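The values are calculated or read from the model by the stated rules, or taken from the named source; none is laboratory data. Computed from a prediction, not measured in an experiment: that's the story for all the values here. No Cβ is skipped: glycine too gets one built from the backbone with ideal geometry, and neighbour counts run over all protein chains shown. Keep in mind that these areas ignore ligands, DNA and RNA; they rest on the heavy atoms of the full protein, side chains included. Shrake-Rupley method; radii C 1.70, N 1.55, O 1.52, S 1.80 Å.
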Amino acid sequence: MPARSTAGLGTVSRPRNSSSRLPVLMYHGIHADERSAGVYNPLYSVAVDEFAAQLDWLADHGYRTTLLAERARSPRDVVLTFDDGDVSWTAVALPLLVERGMVAEFCVTSDYVDRPGRITRDEVRELAHHGMGVLSHGRTHRLLSTLPREELEEELTSSRRDLERWSGGPVLGLSAPGGRAGARELRVARAAGYAFVLNSVPGPNRRPRPGRYLHRLAVTRTTTLEQFAGLVRWRGPAARRLLLRTAALEAPKRVLGDDRYERLRAVILRRGEG
Ligand SMILES: [Zn+2]
């Protein structure tokens, strides 16, 4: 049975050992420490050596990184995603991926491009040039569920248009800023031409299909290699911990509403672990 869901968070899947599932991992920036170039975040900045070790673990265990648009699926497929637009994407993550023959989806907030610590338009093109996916992470990073219909449409269509111009290729997916959105946002995103819409509700995506959110598994600075393996395989304490944390975030939202919930969420996430 799926856990109880709300309109905002979608359904949370319970860990299960299944061969027909697609783990989608969520990263932000890759930073050695707070002095590294880019926008360091004490929770979400994954250390460079940890990231490299995670990629090597995937390769050593027969996993294949794949893009969402790829049709043929194997039980060993995994999708890597990155949110926001940190400069470490091209400076650090890209070379580590390319030297291993791996790919990832980069979800760009289009208004962040060319800002200090963020990638440039040329670097959006560089990602696409290396076979990486370029997805939208909104234009302004505002929570989609808080936007009136017209602003929501503008947010989704303008970011897609700009990213397609800069990357020179199609932008097929959207990851929801703040990691969550509801049924209305999914409908508007589909109507705006996004084939894939991702949130950050944890789950393994047992039957990914259009018209559904794709769940993602957050990899953070405190995620150990053992926990990482548990997430990819979607079993063990790492998967259970992610579910518990999501449940802890979900309950207050029903009571508090979006603004107060966001403040509380920031506090919980700062305390959280991988
Ligand atoms: Zn974001």
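Write down the percent of antiparallel bridges among all DSSP beta bridges whose residues are both part of the range 24-234, to the nearest 5. Spell out each step's value before the answer.
On the way: 1 of 24 bridges.
Bridges in the range 24-234 that DSSP calls antiparallel: roughly 5 percent.
Over the range 24-234, what is the relative contact order in percent, taking alpha-carbon pairs closer than 8 angstrom and at least six residues apart? Please list the in-between numbers first.
Values: 417 pairs, mean separation 44.0, N = 211.
Relative contact order for the range 24-234 comes out at 21 percent.
On average, how much area does the Cα convex hull of the range 24-234 cover when viewed from any direction, in nm²? Before the final figure, lay out each step's value.
Working: hull surface 42.0 nm².
In nm², the orientation-averaged hull projection of the range 24-234 is 10.5.
On average, how much accessible surface per residue is there in the range 24-234, in Å², for a 1.4 Å probe, leaving out ligands, DNA and RNA?
Values: 8370 Å² over 211 residues.
So the range 24-234 comes to 40 Å² accessible per residue, rounded to a whole number.
Given 10 °C and 1.306 mPa s, compute D for the range 101-220 with the Stokes-Einstein relation, Rh being the Kirkwood radius over Cα pairs; round to the nearest whole µm²/s. Don't skip to the answer; put the middle values down first.
Values: Rh = 14.5 Å.
Taking Rh from Cα pairs, D becomes 110 µm²/s.
Placing one identical point scatterer on every Cα of the range 68-144 and ignoring solvent, what is log10 I(q)/I(0) from the Debye formula at q = 0.14, 0.17 Å⁻¹?
Computed log10 I(q)/I(0) values: -0.45, -0.65.
If we sort 61-70, 127-136, 228-237 on the protection proxy, mean other Cβ atoms within 10 Å, highest first, what's the order? Intermediate results must be reported in sequence, preceding the final value.
On the way: 61-70: 15.5, 127-136: 21.7, 228-237: 18.9.
Answer by packing, highest mean first, reads 127-136, 228-237, 61-70.
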